[in-house]
Amino acid sequence: MADEGRLREEMDRGSKAAALIRNPIFEEAFAALKLRYATDWANSAAADAEQRESLYIAINVLGDIYEHVVNIMQTGELAGKEIDAEREDSRVH
């Protein structure tokens, strides 16, 4: 059997990530920040390249953070499936 302790840890992290993504406060925070950054970017002066670049980066970092949490959640789901498959395999053999 693969390192079940590691798989269980991944499952736990995945469960926490899933709870975070489903948390309305987390969703609200991401939506509010994305809207604020996009609005500030749209309202910035064309000549203010530094501010526009910072806001562009901020919007992209928000996406990176969300994607990272989703990846943790999916890894946890896969770890759970691996544990289940190994248990089923050990019952068959």
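Worth pointing out:
- Net charge of Cβ neighbours under 14 Å - reference residue 92; Lys, Arg +1; Asp, Glu -1: -2
- Percent carbon-and-sulfur accessible area, the chain, ignoring ligands, DNA and RNA, probe 1.4 Å: 55
- Cα pair distances of region 1-48 binned at 5 Å [whole percent]: 5, 18, 12, 13, 11, 11, 9, 8, 6, 4, 3, 1, 0
- Where N is the number of residues in the chain, Cα Rg divided by 2.2 N^0.38 Å: 1.61
- Approximate spin-label separation residue 41-residue 67, in nm, with each point projected 7 Å along Cα-to-Cβ: 1.4
- Estimated dipole of the chain in Debye, rounded to 20 [Cβ of Lys and Arg +1, of Asp and Glu -1, Cα centre]: 260
- Protection-proxy order for peptides 3-13, 41-51, 69-79, 20-30, each taking the mean of Cβ atoms within 10 Å per residue, highest first: 69-79, 3-13, 20-30, 41-51
- Mean accessible surface per residue for the chain, computed with a 1.4 Å probe while every protein chain stays in place, in Å²: 72
- Added length on full extension, which subtracts the Cα-Cα distance from 0.36 nm per residue, residue 20 to residue 81: 19.9 nm
- Kirkwood hydrodynamic radius (C-alpha pairs) into Stokes-Einstein, region 31-75, 4 °C and 1.567 mPa s, D in µm²/s: 114
The values are calculated or read from the model by the stated rules, or taken from the named source; none is laboratory data. Owing to the predicted nature of the structure, the values given are computational and were not obtained by experimental measurement. Backbone-built Cβ (ideal geometry, glycine too); neighbour counts: all protein chains shown. When the accessible area is computed, the model is the full protein with side chains, heavy atoms only, and any ligands, DNA or RNA have been set aside. Shrake-Rupley method; radii C 1.70, N 1.55, O 1.52, S 1.80 Å.
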